[in-house]
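To start, the structure itself, in structure tokens.
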Amino acid sequence: MRFGWCCFGRWEEFEEEKGVGGGEEIEGIMKERKLKDFYSENVEDNEIESSESRRGLGMFFRGEGSGSLWQQIAEGVCVRSRHPHGGDEGAGSAAPALEPLVARTTEPAIGSSRNFVQYASASNQRHVKVEGLSLEGGTVRADYQHKRAKVQSNYVECHYESVLPLALNSSTSHADGGCSISLGPAPYENEMFMYLNSNSNNVGDEEHMDTNGDAPNMEDYEVRMDLTDDLLHMVLSFLDHIDLCRSASVCRQWRAASAHEDFWRCLNFEDRNISAAQFADMCHRYPNATEVNIFGAPAIHLLSVKAIDTLRNLETLILGKGQLGEAFFSALGDCVALKNLNITDATLGNGIQDIPVYHDKLRNLQIIKCRVLRISVRCPQLEVLSMKRSNMAHAVLNCPQLQDLDVGSCHKLSDAGIRSAATSCPLLSSLDMSNCSCVTDETLREIAQICAHLRALNASYCPNITLESVRLPMLNVLKLDNCEGITSASMVSISYSYMLEVLELDNCGLLASVSLNLQHLQTIRLVHCRKFIDLNLQCPMLSSITVSNCPSLHRITLTSNSLQESLTTLALRCQCLQEVDLTECESLTNDICDVFSDGGGCPILRSLVLDSCESLTAVRLSSTSLISLSLVSCRAMISLELACPYLEHVYLDGCDHLERASFSPVGLRSLNLGICPKLNMLQIEAPQMVVLELKGCGVLSEASIHCPRLMSLDASFCSQLTDDCLYATTASCPLVESLILMSCPSVGPNGLTSLRCLARLTLLDLSYTFLINLQPVFESCLQLKVLKLQACKYLTGSSLESLYRKGALPALCELDLSYGSLCQSAIEELLACCTHLTHVSLNGCVNMHDLNWVTSRYRLSESISEMPSSEDIQGPIQQPNRLLQNLNCVGCPNIKKVVIPLEARCVHLSSLNLSLSANLKEVDVACVNLSFLNLSNCCSLEILKLDCPRLTSLFLQSCIIAEEALETAISQCNMLETLDVRYCPKIYPVSMGRLRSVCLSLKRIFTSLSGS
């Protein structure tokens, strides 16, 4: 007996000899020969192709005698494996009798070369088993309906080990118990076809396979979801076709639900390689589909004819990129339900014959970019017709109901042809004949006489149109872009279009002036009109004007959204104008402000943009309607006066030379003038203002601020701000809660006395000032919660005595004394007595040597305060718990020892930062709630004692602490998770295991070599 198999382009043959006892052993003489190159043979279209996900393909054949089917296939069938990118790797010889063999689909087993041993072992049982496919006794037995494609992620390509196709476009009838199979260029591209073709309706076979047990019941291994059919139907309604095909592989319920015809009303095969047989199967499967898109599909003529013949409810048909013959247009009338037909980039007929389009109920016809010599359209119900960019020379229309006609860019269509087509539609309301260079005024005159309902006309890029003696009174929209014949004389004809609402005159190079009086005009465009000089419009309904890139423009009696170049004067009377944008009008003078002020012609103007108008030096606006004003990058402006009570937004970025500003009155809620460094005089009257930023106004010396609702004032770096100015401001703004006077050296005790007017003041920043006496602050700001005194070099311990000895500022929570000159004793007394503080910053305090909170010092500090008489003392004094939560002592160069015992009662302390303290040697902290401790860059640290059961983060970068001391310190930290010991010379990465064993809660240890 003769055996043969093919694997990876090599052919193997051998013979077997019958063994003893009825058994058969393979003792063949292997004959090896190489297959011919795949590209040297002409391969028939119906060759057996494997899935692109397999690079190698093996087939094993077993047969008896020369007449067996296996031998025929072995001798005649070419097996081919295709590379995922489209290239064939090898092929055998093709057999002329391939087609009948493939059609029988009896015994061939297709799989990868790894299944060859399985095939050989099954040779004595006269059947071959493939995963997902069982062939026995010439009958295909597989649970096609419930097998899901498996994806092998360890391969470059996807391996679909389900029922694989035998031949491209091959199919078998469902009635015969088989399944229709298709093969495409890639698995994802063909998911739709694999799903539809494997979704057999033969329920009887399905139940038969389950009961016989030949195929395992996949539902036994699936996770079922309790989704009712109605709920699943609603969920799947949000998916497109590709996702529906993917969801069909989940389970039987999802497969049945995803195949519901509601989801397949629109059959979209745009740019998909679908065959005629596959498309026919789709049409038979979903006969109630109402929309078909086969744009870019192969053989669109056959597919479209099939759709017309099969889908009786078809309403929309989209096709293109191919050739449509006469049969399609002849059969078009049989599709009675068709309403929309879209043909794009196609050749109609043979390109030189007359094409008829006859249909009684067609409403929308799009023939775009098509190649046809002559076309005749007879559709009594047609309303929209587009033949844009088609090259027909003649067009005959018989469409009495047509309303929208587009013949734009039909360069071969003559003037008479356009005239005949347009005048044959008396109900025409929109006509687009742009880029039809042959159109003349005579055509427009005849259209105006016959098409009385015409409302929109696009005659752009028609150089022969002048509109002289043309009257189009019914128009609402007129577009004449790039019409070289349009001149100032054409405006006389346009003025007769008294219903005109939109007028476009872009790139009309000969147009010099426009003077129109149109009561309904709302939008006008004049862009790139190089000779345009004068614009005069009297249009009360005008709301949008665009006049840009008109270098010769000198006078305008209206406005525009983009006026540029040499505009010098502007006269405006527009009762409905709300928005004006004059960005980069470099020649605009200060007189423009009168145009937009009250009485200037824009009574309801809401938004004004004058960005980059570099000729503006003094802007003065008085408007009761203006809401938004932008003066960005008006670098020449030195004076600004705004009297706009409803103004809510003003933008002054880039106004570097502004010296005087007046906002009185305005409706602003916030204002940022910190971007005006030269501002020296300011007046604000804003009843609604809440936030005012003057940060960086270093020369501001006179300021009158009347903002009764102001809550936040930032006057940082206002070095010229005086006590008198501060006194007047606090008197007129009593609701201020946040006041920042950082780097205001001119503010003294007299100015601080005015803070008594601010009863709600909670934040005060006096950093970088020259203050010596803070008694006005202690007496006036009883509600103060945050006090910042950074770098106040002249403050001494006596300046803060009222704070820590007399109980001043009882509501104070946050105190910042960083970079000050307080002595050691003042700091100790402050920390000891101010138990109500929650955040204390002592960064960079050079006079602090130790932070030693021992019990004796606490008792000594408390003895300073008022003590009860000796007869009132019944027992030991109970010390209150401190509210301190955050203590920062960063960069204190002289601090050497920090001791915080339990007796300090810092039960709320959660964060302690002592980093960059180069001389710190000893740290002994016992805080039950401390969670963050930073000792980074404490280069002298040797002793570390921690009794912090809730410590989670410890940072010891660049510390010289020893491993033993560190192990002892963290042994009591049962919640420590992060430890940073990078650049610690005495701690080595190899000892990280010991640290983890000492502190079992550690999750992250950072070392200088690696992080774990």
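The values are calculated or read from the model by the stated rules, or taken from the named source; none is laboratory data. Please read all numbers here as calculations on a predicted model, not as lab measurements. For neighbour counting, all protein chains shown are included, and Cβ atoms are generated from backbone atoms with ideal geometry for every residue, glycine included. Heads up: the accessible areas ignore ligands, DNA and RNA and are worked out on the full protein's heavy atoms, side chains in. Shrake-Rupley method; radii C 1.70, N 1.55, O 1.52, S 1.80 Å.
Points to keep in mind about this one:
- In percent, rounded to a whole number, the relative contact order of the stretch 295-345 is 46, using alpha-carbon pairs under 8 Å and six or more apart.
- Local electrostatic count, C593, Cβ distance below 14 Å [Lys/Arg +1, Asp/Glu -1]: -3
- For the stretch 227-292 versus the stretch 694-717, the gap between their alpha-carbon centres in whole angstrom: 67
- Sequentially through the stretch 236-241, phi angles give Karplus couplings (6.51, -1.76, 1.60; θ = phi - 60°) of 5, 5, 8, 9, 8, 5 Hz, Gly and Pro residues having no value and appearing as x.
- Near G698, once Lys and Arg are set to +1 and Asp and Glu to -1 for all other residues with Cβ below 15 Å from its Cβ, the sum equals -3.
- Each of R1004 and E922 was given a label point 7 Å from its Cα along the Cα-to-Cβ line. The distance between the two points is 3.3 nm.
- Full extension of the segment from K806 to A337, taken as 0.36 nm per residue of separation minus the current Cα-Cα distance, would add 159.4 nm.
- The distance from the alpha carbon centre of the stretch 482-518 to that of the stretch 792-853 is 79 Å, rounded to a whole number.
- The calculated FRET efficiency for R709 paired with Q519, based on their beta-carbon distance and R0 = 45 Å, is about 0.50.
- Extension reserve of the K896-Q323 stretch, reckoned as 0.36 nm per residue once the Cα distance is removed: 197.1 nm
- Carbon-plus-sulfur accessible fraction, the stretch 291-417 (probe radius 1.4 Å, protein heavy atoms only): 48%.
- Out-of-range pairs (alpha-carbon distance over 31 Å; input K785/K921; K306/K361; K306/K388; K806/K921; K531/K678; K695/K806): K785/K921; K806/K921; K531/K678; K695/K806
- For the stretch 969-987 versus the stretch 895-952, the inter-centroid distance based on Cα atoms is 13 Å.
- The packing ranking, built from the mean of other Cβ atoms within 10 Å per residue, places the peptides 382-394, 255-267 in the order 382-394, 255-267, highest first.
- Label zone at Q353 (point 7 Å along Cα-to-Cβ), backbone N below 16 Å, the stretch 363-382: 371-376
- Potential extension, D262-R756 segment - 0.36 nm per residue separation minus Cα distance: 170.3 nm
- Solvent-accessible area per residue for the stretch 684-767 (1.4 angstrom probe, square angstrom): 38
- Taking a Cβ cut-off of under 14 Å around N464, the surrounding Lys, Arg, Asp and Glu residues balance to a net charge of -3, with basic ones at +1 and acidic ones at -1.
- Listed residue pairs exceeding 28 Å between alpha carbons, taken from K793/K896; K793/K897; K896/K1003: K896/K1003
- Heavy atoms of H649: accessible area, 1.4 Å probe, square angstrom to 10: 90
- Protection proxy ranking of 908-914, 519-525, by the mean of other Cβ atoms within 10 Å over each peptide's residues and highest first, is 908-914, 519-525.
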